[in-house]
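The values are calculated or read from the model by the stated rules, or taken from the named source; none is laboratory data. All of these numbers come straight from a predicted model, not from anything done at the bench. Heads up, the Cβs are rebuilt from the backbone with ideal geometry, glycines too, and the neighbour counts pull from every protein chain shown.
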2 protein chains.
Amino acid sequence: MSESRETPKSPGPAAAGARKAAIRAAELDAAGPLTTTRERFVLDDTVYLDGNSLGALPRSVPDRIAEVIRHEWGELRIRSWTEAGWWTAPERIGEKIAPLVGAAPGQVVVGDSTSINVFKAVTGGIRMAGKGCTEILVDATTFPTDGYIARSAARMAGLAVRPVEPARIADEVTERTALALVNHVDYRTGELNDMASITAALHSAGTLAVWDLCHSAGALPVALDACGVDLAVGCTYKYLNGGPGSPAYLYVRKSLQERFESPLPGWNSHVDPFGMEPGYTPADGVLRGRVGTPDILSMLALEAALEVWEGVAIEDVRAKSLALTDFFLECVSEYAPPGRVRSVTPYEHRRRGSQVSLACSPGGSSVAAQGGAPVAGEVMAELIRRGVVGDFRPPDVLRFGFTPLYTTFADAERAAWVLGEVLRDQAAAGGDAG
Amino acid sequence: MSESRETPKSPGPAAAGARKAAIRAAELDAAGPLTTTRERFVLDDTVYLDGNSLGALPRSVPDRIAEVIRHEWGELRIRSWTEAGWWTAPERIGEKIAPLVGAAPGQVVVGDSTSINVFKAVTGGIRMAGKGCTEILVDATTFPTDGYIARSAARMAGLAVRPVEPARIADEVTERTALALVNHVDYRTGELNDMASITAALHSAGTLAVWDLCHSAGALPVALDACGVDLAVGCTYKYLNGGPGSPAYLYVRKSLQERFESPLPGWNSHVDPFGMEPGYTPADGVLRGRVGTPDILSMLALEAALEVWEGVAIEDVRAKSLALTDFFLECVSEYAPPGRVRSVTPYEHRRRGSQVSLACSPGGSSVAAQGGAPVAGEVMAELIRRGVVGDFRPPDVLRFGFTPLYTTFADAERAAWVLGEVLRDQAAAGGDAG
């Protein structure tokens, strides 16, 4: 997509500011770190800021999956379960994710969707909690599926669910709370919750800490072991670039594994799966988190995708993520018409994940504003038409995800520029029609 | 693999019988039906009789998945959820499986593993059953995972589990039985259970019928609607050739869908998934069986694999399946040393699935027999080394699966021939060592 930068239909940013930002983007992209990791992905000239929904395709994936299909499925067939390592893929790939989430070996297993892993973690956690527990806490700002599933798990165990804002958890937890399920980064606002302090507060009350890492793993350092987290889940198709619907993972802290009792004790978690015994005896360790036959194509695509982390320090990822989101926020304030967008993502670094969410208000005279139409949704649709891909989350959030391995500062600058254009064009069109 | 048919080390079958069987195989292969469907698969000169564990690779899969990765993931990225139909894949592919299991539209949804679908079906069924129910029945000969998961589901709902042989279900069901979970075909023996009569007996007692179709769908006619089955699950990587760990499916009878309440109410089953509402409101229909984000690569491989059914009548599949297994049993009795193998698969057609399971006893003087070693396991390992792939199920079963779309009568004859050789060689080696 070529960039036009035509004369805007309504007053736009000053030329000097735009020139300065463009030069700065080029300098930042040249300076590094992570100047070459973009080459590990298949990308084009779209500004792709939706890696927090579906990560871009790593170059390591297509040939690997072609080989899995042609040779492992097509020629070895059933022998691949042993000879090609299919059977042990869930734990092998778990070990490749472990360093990205601050987990020593033997605590992460891959398989099933995030929703299903939330069910395992919440039910397993409730079963480990004290007998007198009557409730669980769920992050009031959670991605919906976590809340739905936690409610189902709690109901099946006879416990109540209390939604609590993450910042209030330390005050709200009681000795009757079995566990709290908290999102590390809020999917909507991009706010980063403090894993160390919230986990410590929960532990002080004798409560288990269950974290959802969907929007943090791969974008910033996660320190499960160091924070003493009890259970965690995460998806792999966002910042881990595993592909559409690639399997999620479950973390069970080493010292809790012996007490972890899955509500989904499928044959893959049996101590002797091919013994075909009618009675269930769980395997040792985190293998207890396995359920049924793993979806090998999706799982091996994830494994190949994880090759992009070769030689990457997560601290560099974090540094670039913050620099990118800082720069994007600066460019937005330079380019966007005043009063139309407002960041709901915290400016403080310690409270920011790797996305910027802009609440988008209707322009004063626009038709959309007058009709109460979904302005933000329309803005995002137009951004996408103009080659800047983020996403929309109701009611009014424009969400822009920054994947430090491949997002450039030039991407950030161009996204802000196009956003400014779209907002001005929309206002102008609204004015024309009004 | 070339065939040697050397002079056996111990007395073998008569030449005339072997000649007759080989000629008959060629005639049967030429006669049809399903003489050309083998070309729809990637096969070599291995005799592959393990399609009841992992179906062979359909030729329609590799290019389709390469395109999904290159174009849909690599270029369209997030847009593919709508533009490439990813979001609706679970129900769209469900409709492609429906005719193979005798289901009218709107009752089958694809996703997750079989184990997880057993959990949905059993818990959902218990919730629909009468308040006074205290137990569920589980097929005593079930594939283990069904039993493990059913036990977990029943425990969470406060019900007991009673294992019952399928043939005894009509006698054992009581008004306190919420449901019975039955395998349509026994994974070990290949016995086909009578869906119509067992379902009718359950309904007479006011009990729900939940069927596992893993070993029947794609190998013989399944008549879910006609039998009035309430809930069913099945895998897609056996006779449906969907690939390693391809997603399973759930059937919920139309008239029960409004009462079906999933224990795994993930956001994909919400009436408005992108509304991101904190409260859960289920979608209408079988969509309630969806959970989290579907594993697209595995799911679209399955969709491509289902193209092999184009123009195939399941009645022809059944006719060829019975002819193949009849012929294999004849060849085994012609070629195998007397007393070494015995079919545990019923000879009666109405009680036979699409596999032959041979219980394998130790030869009289063999080392293995003397040492009590796992004879059947060794026999199968040697068969595989000689290019005949079946599998072994403890304690003593050699399992040979027949996939009518690609298994030939020549395959059946050669498998029996090589089995005879292996058994004679093993006996001879045992004699030498003794």
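A few notes on this one:
- Within segment B:23-68, the set of residues being in contact (Cβ under 8 Å) with a residue 40 or more places away in the chain, over 15 Å from B:ALA323 (Cα atoms) and among the small types (Gly, Ala, Ser) comprises B:GLY51, B:SER53, B:GLY55, B:ALA56, B:SER60.
- Any chance A:ARG38 is surrounded by fewer than 24 Cβ atoms within 10 Å (Cβ to Cβ), out of contact with any helix residue (DSSP H, G or I) (no Cβ under 7 Å at 6 or more places or on another chain), under 27 Å from B:HIS71 (Cβ atoms) and basic (Lys, Arg): yes
- Pairs, first more than 16 Å from B:PRO346 (Cα to Cα) in segment B:315-326, second among the small types (Gly, Ala, Ser), C-beta under 7 Å, six or more apart: B:VAL317/B:ALA219
- Residues being over 30 Å from B:ILE126 (Cα atoms) and modelled with pLDDT under 95 - total across segment A:141-174: 1
- Residues within segment B:338-372 that are at pLDDT 95 or above and either over 20 Å from B:LEU49 (Cβ atoms) or within 21 Å of the chain's Cα centre (by Cα) (or both), tallied: 17
- Index of the failed condition, A:SER255 passing every other in (1) within 14 Å of chain B (Cβ to nearest Cβ); (2) free of Cβ contacts under 8 Å to residues at least 24 places away in the same chain: (1)
- In segment B:243-258 there is no residue matching the filter, namely being part of a helix (DSSP H, G or I) and crowded, with 20+ Cβ neighbours inside 10 Å.
- Here B:TRP86 meets each of (1) more than 10 Å from chain A (Cβ to nearest Cβ); (2) over 16 Å from A:ARG70 (Cβ atoms); (3) out of contact with any strand residue (DSSP E or B) (no Cβ under 8 Å at 6 or more places or on another chain) with one exception, condition (1).
- Scanning segment B:53-71 for residues that are within 7 Å of chain A (Cβ to nearest Cβ) and surrounded by fewer than 17 Cβ atoms within 10 Å (Cβ to Cβ) gives B:ALA66, B:ARG70.
- Among the candidates A:VAL138, A:VAL110, A:VAL161, residue that is of a type outside the set (Lys, Arg) and over 30 Å from A:GLU315 (Cα atoms): A:VAL161
- Some residue of segment B:289-310 being in a helix (DSSP H, G or I), among the charged types (D, E, K, R) and away from chain A (no Cβ under 14 Å): yes
- Residue check: B:ILE314 meets all listed conditions (1) of a type in the set (Val, Ile, Thr); (2) surrounded by fewer than 16 Cβ atoms within 10 Å (Cβ to Cβ); (3) touching a Pro at 6+ places or on another chain (Cβ under 7 Å) but one, namely (2).
- The combined condition, being of a type in the set (Val, Ile, Thr), part of a helix (DSSP H, G or I) and modelled with pLDDT of 95 or more, is not fulfilled by A:THR236.
- Subset of segment A:80-133 [of a type in the set (Lys, Arg) and under 24 Å from B:ILE296 (Cα atoms)]: A:ARG92, A:LYS96, A:LYS120
- Every condition in (1) part of a loop (DSSP other than H, G, I, E, B); (2) within 25 Å of B:GLY243 (Cα to Cα) is met by B:LYS96 except one, and the failing one is (1).
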